[in-house]
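Asker: Quick one: the structure is below, questions incoming.
Please treat every number below as a calculation from the coordinates, not as lab data. Model, not experiment: these values are computed from the prediction. Cβ placement follows ideal geometry from the backbone for every residue including glycine, while neighbour counts extend to all protein chains displayed.
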Amino acid sequence: MKPTKRETKREANTTEAKPKLFELFTLLARINAVTLGGGYVIVPVMAASLEKKGWMGESEFYDIFAKAQAFPGPLALNTALLVSMKLFGPKGIPAAFLGVVLPPFLALILVSGLIQRYGSLPAFKRFLDGAGAVVPGLIAAMIWKNAAKRSWNLPRIIETAVLALLLILLPAFSLPLLLLAIVVFYCIEGLCRSWK
């Protein structure tokens, strides 16, 4: 999909601002301190924050995000480390690492004490249920945003629909299904391209 003039202009403006290491740390720490739901929830917030600050454009961020998915480990951490490498080189790694890992670590210590003390209260249970209900919506928004940028054709629509159906029907086999789908989709895409 071709970027609009507005997106191109916004991308050009992002190269002007250069953050400091502490600013990157505080941005990532704030995001990770208040965001519930893991990497797929944190990543779109990270993208919007970096773009708003003018540190990185959306398309550049999602290119980095795509690379981060290839590495083992937590998605938000991998993405933050690659973003820090892009912005600062190796010296940005400690700031990104601590910005992503420190807030949840401290929150786990705090929350475990709260759950132990107040976990049986109905209001506390309702809060946790409400927080958990937001996560699927945030994940769906990220999927929608990424899907809108992809060029779709009939084979891709069928592949995606079949995979989604299999993941819904066979959740216990989600990892093998995803790995198999990657191989099959690459083969199908390669065959489709070779026929053209």
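Asker: So what's the stretch 72-176 giving for Cα Rg divided by 2.2 N^0.38 Å, two decimals?
Answerer: 1.49
Asker: Distance check, please: which entries in 53/91; 52/125; 52/149; 18/91; 91/149 exceed 24 angstrom between their Cα atoms?
Answerer: Table pairs above 24 Å Cα-Cα are 52/125; 91/149.
Asker: So how strong a dipole does the chain carry about its Cα centre when Lys and Arg Cβ are +1 and Asp and Glu Cβ are -1, to the nearest 20 debye?
Answerer: Computed about the Cα centre, the dipole is about 380 debye.
Asker: A follow-up question, please. Throw me the Rg/Rh for the stretch 42-89, computed over C-alpha atoms with Kirkwood Rh, two decimals.
Answerer: Over the Cα atoms of the stretch 42-89, Rg/Rh equals 0.93.
Asker: Regarding the stretch 5-130, what are the three Cα extents along the principal axes, ordered largest first, in Å?
Answerer: Principal axes ranked by extent give 52, 32, 27 Å for the Cα atoms.
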